[in-house]
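A short write-up of the structure that comes next.
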Amino acid sequence: MSTLQRWMHRPWTVPIVSGALILTSFFVARVLGSDAVSDVFMVAAAVVGGAPIAVKAVRALMVRAISIDLLVSVAAVGAVIIGEYWEAAAVTFLFAVGHALEARTMNRTRSALAELVAVAPDVAVVLRDGEQVEVPAGAVVMGETVLVKNGAKVPVDGEVVGGTGALDEASITGESIPAEKAAGDKVYAGTVSRGGFLQVRATGVGADTTLARIIHRVEEAQDARAKTQAFIDRFSTWYTPGIMLLALAVGLITGDVVLALTLLVIGCPGALVISIPVAIVAGIGRAAKDGILIKGGEFLERSARIDAVAVDKTGTLTEGRPYLTDVVVLDPSLDRDDVLTWAAAAEAGSEHPLARPVLDAAAEEGLSTPGLPESTEPVPGMGVIASTGGHRVLVGNAALLTAEGVEDTVGAVRAAEELAAAGRTPMIVAVDGRVAGVVAVADKVREDATEMVRRLHAAGVKKVVMLTGDAPLVAEAIGRATGVDEVRAGLLPEDKLDAVRELQRQKLTVAMVGDGVNDAPALATADIGVAMGAAGSAVAVETADIALMGDNLLRLPEAIGLSRRTVSVMRQNIAVALVTVTLLLAGVFAGGVTMAIGMLVHEASVLVVIANAMRLLRRRADSGSVAAAAPAREARPERALAPRA
């Protein structure tokens, strides 16, 4: 494409040429005194400004649509026919200027997407045959080792296999504090090294990276229509022809062609048509910059109505990394190491999440276990029964003791209840029909969980409900620590589904926050399904209504607050559009509004609507320091293995 062709396709070309012709017309009339030549320049200005408008109008008619462009085209042609050359030129010139300004400001509302695209790396340095080779980022092969040096962008999703460093993951998670990375840690394409040197094994390249999925998701979301937008579109399909019929009727009744043409111009619903999409684009773009992916306009509108939040406990309100807290010895012939060894021996064949902290603690203490048990029998909802070294070992709750006929003569149930009341998950250990002791594990409550609940309430959420499969005593302790309004414990996945439905029967709009796997039925049933820490999950990014890319709970109230502000802006924009048209109509019939003035006010209203939506792109003071507001995570405390007194 030549330089001239590129210039002709720029949005400001038509307004500049049209404006120059109008100025030339005024010059010829005022200085040279030639009205005829002046009129030629004015008509030329109308043609230059109106030609693109007419082309769009014809294209719309070809698909049986009556567009705003048709109203302006008819008004301009009519003005030329009746000799109102200045009105025709002014209308088309102002319309062209408005479109150019709209294009520029709309591009700014899409700045979040542009910034995401900009962080995508172009090149990668890979190790091939022992040498460093620079290749296009899309040419990296799965499994190759990529080198990431200080200041460089990570070109692939992968796993660190060597070196240490700090990565700025703001483009993915929205967090401003660099994350420390070492062997075994995941890294994401588009993040930036802020120090150190990393060797990364590529596990996702090209379109299969988290960044690529985010860009695709945001593109789709910004184009997805909200229900309000669908209503506005239906309204416009009747409104625009209605304005044409009104103008025709007024012209026929009054015989005032100028009045009829002016009605066509001021009746343009431009601000109304753009009022919703511009707000959606800005709102979803702002959210994306903060590591919040909203599926589309419909889900953004629905999020604004959330008044109940159901939260899974494990991995959401808690860190999801249980650790051993207590070993209570109840058999005088045994010591702490014996009780822990028997518990580890039974759990060695179990896949239950609570088995891992027991095994880890035994390994850290250097305790020797008999190895894998000869047999392992998981008992759903109770515990596990194992045969190891010729002994029968039970690890579970009081119900398991009762079911297996083991008598509690040493107060194991009472000790377990005390531990549960303290927020720990107790497991009674019995060997060959005799109680040995109790081991307990706990999952640390996230330090931002309490603040999240507070902010949800401040954002207008009426009820925050914790859903968990844990025992009631343990769940109640976590509930008190976090400040949730209601605790529902001992739930299976289908029970969580029923809990969400019960909240919906209370006429509440429910958001469900979970891990997307065990909570899948509840997430699908809730009005809004929210996935936490979705950066490493392609499924979560694609399926969740809202995906929080980072692991920061405070992003949830931020997402709800942003949705509510966006819907508020949408309503304000609709009001501005309708009031503008109403005032212009009144002004036309009062005789104080010409075609040029009408078009000027119309385009001004469009720009007001866009500018109002662009406010969403600015980070609010109360949500701009989410990372700072969340206390730094403390290291996990040393595991207390000493027996309780």
**Prompt:** Restricting region 20-33 to residues that are within 10 Å of residue 45 (Cβ to Cβ) and in contact with a helix residue (DSSP H, G or I) (Cβ under 6 Å, 6 or more places away or on another chain), which is surrounded by the fewest Cβ atoms within 10 Å (Cβ to Cβ)?
**Reply:** 24
**Message:** Restricting to region 65-85, name every residue that is within 17 Å of residue 41 (Cα to Cα) and either in a helix (DSSP H, G or I) or free of Cβ contacts under 8 Å to residues at least 12 places away in the same chain (or both).
**Reply:** 76, 77, 79, 80, 81, 83, 85
**Request:** Give me a count of the residues in region 499-509 that are of a type outside the set (Gly, Ala, Ser) and either closer than 16 Å to residue 449 by Cα or not in a loop (DSSP other than H, G, I, E, B) (or both).
**Result:** 6
**Among the candidates 378, 370, residue that is in the same structural domain as residue 415 (by TED's automatic domain parsing) and either modelled with pLDDT of 90 or more or more than 41 Å from the chain's Cα centre (by Cα) (or both)** = 370
**Pick from region 298-351, criterion crowded, with 20+ Cβ neighbours inside 10 Å and of a type in the set (Lys, Arg), ranking: nearest to residue 369 (Cα to Cα)** = 313
**Complete:** Scanning region 129-179 for residues that are acidic (Asp, Glu) and surrounded by 13 or more Cβ atoms within 10 Å (Cβ to Cβ), the one modelled with the lowest pLDDT turns out to be 175
**Asked** Which ones in region 445-471 are of a type in the set (D, E, K, R), surrounded by fewer than 17 Cβ atoms within 10 Å (Cβ to Cβ) and touching a residue at least 40 places away in the same chain (Cβ under 8 Å)?
**Response** 447, 462
**Request:** State which residue is nearest to residue 337 (Cα to Cα) when the search covers only region 444-478 and only residues that are in a loop (DSSP other than H, G, I, E, B) and of a type in the set (Val, Ile, Thr).
**Result:** 468
**Request:** Determine the pairs where a residue that is more than 22 Å from residue 614 (Cα to Cα), located within region 259-274, has a partner that is among the acidic types (Asp, Glu) with Cβ atoms under 8 Å apart, the partner being 6 or more residues away or on another chain.
**Result:** 261/84; 261/87
**Prompt:** Has region 41-58 got at least one residue that is of a type in the set (D, E, K, R), under 15 Å from residue 95 (Cα atoms) and surrounded by 19 or more Cβ atoms within 10 Å (Cβ to Cβ)?
**Reply:** no
**Request:** Return yes or no: is residue 474 of a type outside the set (D, E, K, R) and within 31 Å of the chain's Cα centre (by Cα)?
**Result:** no
**Message:** Looking at 354, 359, 324 in this structure, which one is of a type outside the set (Val, Ile, Thr), without any contact (Cβ under 8 Å) to a residue 24 or more places away in the chain and under 30 Å from residue 553 (Cβ atoms)?
**Reply:** 359
**Fill in**
Of the listed residues (393, 441), the one being assigned to a strand (DSSP E or B) and under 16 Å from residue 470 (Cβ atoms) is 441
**Request:** Determine, yes or no, whether residue 632 is over 21 Å from residue 284 (Cβ atoms) and modelled with pLDDT under 80.
**Result:** yes
**Message:** If residue 363 meets every condition in (1) in a strand (DSSP E or B); (2) over 30 Å from residue 480 (Cβ atoms) apart from one, which number is that one?
**Reply:** (1)
**Item:** Complete set of residues in region 381-392 that are farther than 24 Å from residue 495 by Cβ and modelled with pLDDT of 90 or more
**Value:** 385, 386, 387, 391, 392
**Message:** I'd like to verify a number: residues in region 338-367 that are within 43 Å of the chain's Cα centre (by Cα) and not small (Gly, Ala, Ser), how many?
**Reply:** 11
**Item:** Complete set of residues in region 366-390 that are touching a residue at least 12 places away in the same chain (Cβ under 8 Å) and part of a strand (DSSP E or B)
**Value:** 375, 376, 378, 379, 383, 384, 385, 386, 387, 388
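Which fully enclosed strands (runs of 3 or more DSSP E) of region 250-336 have 3 or more residues being out of contact with any Asp or Glu (no Cβ under 8 Å at 6 or more places or on another chain)? Before the answer, list the steps.
Details: elements: 292-294, 308-312, 323-329.
Those strands (runs of 3 or more DSSP E) span 308-312, 323-329.
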**Item:** residue 3 being more than 18 Å from residue 104 (Cβ to Cβ), polar (S, T, N, Q) and modelled with pLDDT of 90 or more
**Value:** no
**Asked** What number of residues within region 396-421 are closer than 15 Å to residue 339 by Cα and either free of Cβ contacts under 8 Å to residues at least 24 places away in the same chain or in a helix (DSSP H, G or I) (or both)?
**Response** 3
**Asked** Within region 479-498, how many residues turn out to be assigned to a helix (DSSP H, G or I) and buried (at least 20 other Cβ atoms within 10 Å of the Cβ)?
**Response** 4
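The values are calculated or read from the model by the stated rules, or taken from the named source; none is laboratory data. It should be emphasised that the depicted structure is a prediction, and the values quoted were computed from it without experimental measurement. Neighbour counts run over all protein chains shown; Cβ positions are idealised from the backbone, glycine included.
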